[in-house]
Amino acid sequence: MLDLAAPTAADPARGTRSRRAGRHATRRAHAAREEPAVRPRLAVLIPAHDEEDRIAAAIEGLWKQARRPDLIVVVADNCTDGTADIAAAHGAQVFHTQGNTHKKAGALNQAIAWILPHMDDRDLLLVQDADTVLDPCFTETAEGTFNRRVGAVGGVFYGEDGGGLLGLLQRMEFHRYAWELERTGGKAQVLTGTGTMFQARVLREVRAARRSGLIGGGTGYYSLASLTEDDEMTKAVKTLGYRTMSPAGCAVTTEVMPTLPKLWHQRLRWQRGALENLRDYGWTKVTARYFVQQFLMGFGALSFLVYLTFMVTSITFYGWPGLSPFWTSIGLIFVLEKTVSVRRAGPVAVLVAVLMIPEMLYDLFQHAIYFTSLWGLLRRTEEKWVAT
């Protein structure tokens, strides 16, 4: 620590020595600032339960990153297939969970508790789903996004090919979400489980906050009480005062649900989990916007159902009412927005958006999920986790 006290006139030699020492200290400080900072280490955790068909692609995607991880760990959770052997063959270390009954959150809590003591506060930990492949620029972009205010960086997810019309509708939905993220400067509403990078110190703060009672969810890192641990983690990180980001360079490709029953169970878990997280957190500075979003979602769904009922009833009893210039123009603006927002998904997606009917049916499906989730929450029925 430098002594900045001014020298006294009674000792001019001391003053000369002090000024010379000060100049040397200044030069050393400038040199220290010019030296490149030591790069934080990057570790990756991939929770996996019987993922032998996909784990190799996930690991290879990580090795192809512009910023290669220092360590890849596959968290083999109650696996009964060849996931662990395939992971080891592709250069990953395998961590086997012990007695875990809490699905993904429990597996991650065990793995994080094992690896975090070996990491410095500024080191980075990436959590990635086993059915996901990251864009080659993901880790480099995410690392460059961190600053003192950003506590976690999540991916921008896109759907993989396949799945017929249902798969296409999901890809269109994901493209719209990516478009909205881009328009808002990459501010993440949810830290997606497909791929999210944390600073080690933030995870330590999350656990400390849970143990102190500032936030709920148990005493670990991820909440064991939530159906959607990623949504809950987003609120936990924000509650601690950090920002969450999803920059465009952090693209990930994940699976789409091939059938309506699978999509129903997936989205029902997402929606019910989001509502339960809001109930548990209550109205706060962080959750206020999420409450408003849920209200607007419900209001929009209800308005759409009322409009359809009115149109069907009107046409049934009075015939086709004709075209109103005002409402036709409003409808054209709506179609234009729907079309522009999926233009990057390809010409087929644009055509489906223009046709409107497929997406209207898809919206009705989503609305049914919303009201089913809300009714289950009000009745306090238990929503069981269903593998998709």
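Among what's in segment 147-163 and is assigned to a strand (DSSP E or B) and not small (Gly, Ala, Ser), pick the residue that is surrounded by the most Cβ atoms within 10 Å (Cβ to Cβ). The qualifying residue surrounded by the most Cβ atoms within 10 Å (Cβ to Cβ) is 153.
Going through (1) in contact (Cβ under 8 Å) with a residue 60 or more places away in the chain; (2) crowded, with 17+ Cβ neighbours inside 10 Å one by one, residue 235 falls short only on (1). The residue that is surrounded by the fewest Cβ atoms within 10 Å (Cβ to Cβ), counting only those in segment 345-383 that are under 27 Å from the mean Cα position of the chain (by Cα) and over 30 Å from residue 273 (Cα atoms), is 346.
The rows are residues; the columns are (1) modelled with pLDDT of 95 or more; (2) in a helix (DSSP H, G or I).
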residue	(1), (2)
7	no, no
17	no, yes
21	no, yes
24	no, yes
38	no, no
53	yes, no
59	yes, yes
65	yes, no
104	yes, yes
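Could you give every pair whose Cβ atoms fall below 6 Å, whose first residue belongs to segment 300-318 and is in the same structural domain as residue 370 (by TED's automatic domain parsing) and touching a residue at least 60 places away in the same chain (Cβ under 8 Å), and whose second residue is surrounded by 12 or more Cβ atoms within 10 Å (Cβ to Cβ) and part of a helix (DSSP H, G or I), counting only separations of at least 6 or pairs across chains? Within 6 Å, the pairs are 301/367; 301/370.
Kindly indicate whether residue 185 is within 23 Å of residue 143 (Cβ to Cβ) and crowded, with 19+ Cβ neighbours inside 10 Å. The answer is no for residue 185.
Looking across segment 305-320, the residues that are surrounded by 10 or more Cβ atoms within 10 Å (Cβ to Cβ) and either in contact with a strand residue (DSSP E or B) (Cβ under 7 Å, 6 or more places away or on another chain) or not aliphatic (A, V, I, L, M) (or both) come down to 307, 309, 310, 313, 314. Here residue 95 fulfils each of the conditions (1) assigned to a helix (DSSP H, G or I); (2) of a type outside the set (Lys, Arg); (3) within 20 Å of residue 221 (Cα to Cα) apart from (1). In segment 126-146, which residue that is touching a strand residue (DSSP E or B) at 6+ places or on another chain (Cβ under 7 Å) and not hydrophobic (A, V, I, L, M, F, W, C) is surrounded by the most Cβ atoms within 10 Å (Cβ to Cβ)? Going through the qualifying residues, I end up with 128. Of the residues making up segment 349-381, those that are in a helix (DSSP H, G or I), hydrophobic (A, V, I, L, M, F, W, C) and closer than 23 Å to residue 332 by Cβ are 349, 350, 351, 352, 353, 354, 355, 357, 360, 361, 364.
Could you check, for segment 147-166, whether at least one of its residues is closer than 18 Å to residue 338 by Cα and without any contact (Cβ under 8 Å) to a residue 40 or more places away in the chain? Scanning segment 147-166 turns up no residue that is closer than 18 Å to residue 338 by Cα and without any contact (Cβ under 8 Å) to a residue 40 or more places away in the chain. The C-beta contact set for segment 181-199 (first residue touching a residue at least 12 places away in the same chain (Cβ under 8 Å), second residue surrounded by fewer than 21 Cβ atoms within 10 Å (Cβ to Cβ) and of a type in the set (D, E, K, R), distance under 7 angstrom, 6+ apart or interchain) comprises 199/122. In the same structural domain as residue 176 (by TED's automatic domain parsing), more than 16 Å from residue 190 (Cα to Cα) and hydroxyl-bearing (Ser, Thr, Tyr): does that describe residue 221? Answer is yes for this residue. Does segment 66-76 hold any residues that are surrounded by 15 or more Cβ atoms within 10 Å (Cβ to Cβ) and either hydrophobic (A, V, I, L, M, F, W, C) or touching a Pro at 6+ places or on another chain (Cβ under 6 Å) (or both), and which are they? Matches in segment 66-76: 71, 72, 73, 74, 75, 76. Filter segment 46-74 down to the residues that are more than 14 Å from residue 91 (Cα to Cα) and charged (D, E, K, R) and list them by number. 50, 51, 52, 53, 54, 67, listed by residue number.
The values are calculated or read from the model by the stated rules, or taken from the named source; none is laboratory data. Computed from a prediction, not measured in an experiment: that's the story for all the values here. Neighbour counts run over all protein chains shown; Cβ positions are idealised from the backbone, glycine included.
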